[in-house]
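Visitor: The structure that follows is given in the form of structure tokens.
Where a number appears in this text, it was derived from the coordinates with a stated rule and is not lab data. Quick caveat: nothing in here was measured; it's all calculated off a predicted structure. Every residue, glycine as well, gets a Cβ built from its backbone with ideal geometry; the counts of neighbours run over all protein chains shown.
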Amino acid sequence: MLKLPRLRELDHGLTARLYLCTAPTDMRKGFDSLAALVQGAFGHDPLSGHLFLFISRTKDRIKILYWDGDGYALWYKRLESGTFRVPAVKDGRASVELKASELAMLLDGIDLASVKRGKRFQRAPVVTDEKNGKMQSPAK
């Protein structure tokens, strides 16, 4: 059977969460400075294993900080042309959570503000009755 890729699989395949810093970040910052920013401005634990994204003021550079189990890892990319199109934040939050598919689109140059996800059918989770072991639909 032919198996086509789906964004939902990409989103659910990554167990770590992705947080994008909404304020421009000085790209001279290193591991410890970015980890302090995660803890202070985001209010998150930098040792959690989640990915923390930082965009430069000119939006042509991105750093991703994460803890890989025995130390910090830092991924850095500079665009030769163009900019990263980050989502606009209106409520003044220090960070926004992204899905894995949104990170992939961001890195590929897709403007997240122009992406609209249409409503899709989602099957309700199946609940098992503990008394008799039979499956039943959840109550609405």
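Visitor: Which order results if Val127, Val38 are arranged by neighbouring Cβ count within 10 Å, fewest first?
Guide: Numbers: Val127 12, Val38 25.
Least to most surrounded, the residues fall as Val127, Val38.
Visitor: Treating only the Cβ of Lys, Arg, Asp and Glu as charged (+1, +1, -1, -1), what charge dipole size does the chain show about its Cα centre? Round to the nearest 20 debye.
Guide: Details: 24 positive and 16 negative charges, 146 e Å.
Dipole size: approximately 700 debye.
Visitor: Relative contact order of the chain, please, whole-number percent, based on alpha carbon pairs below 8 angstrom and at least 6 residues apart. Don't jump to the answer; show the numbers that get you there.
Guide: Details: 190 pairs, mean separation 30.6, N = 140.
That works out to 22 percent.
Visitor: What is the order of His50, His44, His12, fewest Cβ neighbours within 10 Å to most? Present the calculation step by step, with values, prior to reporting the outcome.
Guide: Numbers: His50 19, His44 16, His12 11.
By the 10 Å Cβ count, ascending, the order reads His12, His44, His50.
Visitor: Considering amide H positions built from the backbone, and no H for Pro or chain starts, which residues 5 or more places from Thr22, or on another chain, come under 5 Å of its amide H?
Guide: When sequence neighbours closer than 5 places are left aside, the close amide H contacts are Ser95, Val96.
Visitor: Hey, for a label at Ser48 modelled as a point 7 Å past Cα toward Cβ, could you say which residues of region 79-117 have their backbone N under 16 Å away?
Guide: From region 79-117, the list is 93-100.
Visitor: Here is a follow-up. May I ask you to evaluate 6.51 cos²θ - 1.76 cosθ + 1.60, the Karplus curve with θ = phi - 60°, for each residue of region 112-119 and list the ³J(HN,Hα) values in order in whole Hz, giving x for glycine and proline?
Guide: Karplus values, whole Hz, x for Gly and Pro: 5, 5, 8, 7, 10, 8, x, 6.
Visitor: For region 88-96, just list the computed ³J(HN,Hα) in residue order, Karplus coefficients 6.51, -1.76 and 1.60, θ = phi - 60°, integers in Hz, with x standing in for Gly and Pro.
Guide: 6, 10, 9, 9, x, 5, 6, 8, 10
Visitor: Same structure again: State which entries of Lys77/Lys99; Lys29/Lys99; Lys3/Lys63 exceed 30 angstrom in Cα-Cα distance in the structure shown.
Guide: Values: Lys77/Lys99 19 Å; Lys29/Lys99 25 Å; Lys3/Lys63 33 Å.
The answer is Lys3/Lys63.
Visitor: Shifting gears a bit: In nm, what is the difference between 0.36 nm times the number of residues separating Asp91 and Ala41 and their Cα-Cα distance?
Guide: Working: separation 50, 0.36 × 50 = 18.00 nm, distance 1.49 nm.
Between Asp91 and Ala41, full extension yields an extra 16.5 nm.
Visitor: Would you mind ranking Phe52, Phe31, Phe42 by Cβ crowding within 10 Å, fewest neighbours first? Don't skip to the end; give the middle numbers.
Guide: Numbers: Phe52 23, Phe31 15, Phe42 18.
Going from sparsest to densest Cβ surroundings: Phe31, Phe42, Phe52.
Visitor: Evaluate E = 1/(1 + (r/R0)^6) for Thr58 and Ala16, where r is the Cβ-Cβ distance and R0 equals 30 Å; express this FRET efficiency to the nearest 0.05.
Guide: Details: r = 27 Å, r/R0 = 0.90.
So, using R0 = 30 Å, E works out to roughly 0.65.
Visitor: Shape verdict for the chain, please, from the Cα gyration tensor: rounded (a/c under 1.5), prolate (a/b greater than b/c) or oblate. It would help to have the intermediate numbers written out before the result.
Guide: On the way: a/c = 2.25, a/b = 1.69, b/c = 1.33.
Prolate shape, in that a/c is at least 1.5 and a/b is the bigger ratio.
Visitor: Between Leu2 and Asp26, what FRET efficiency comes out of the Förster formula 1/(1 + (r/R0)^6) with R0 = 35 Å and r the beta carbon distance, rounded to 0.05?
Guide: It comes to 0.15.
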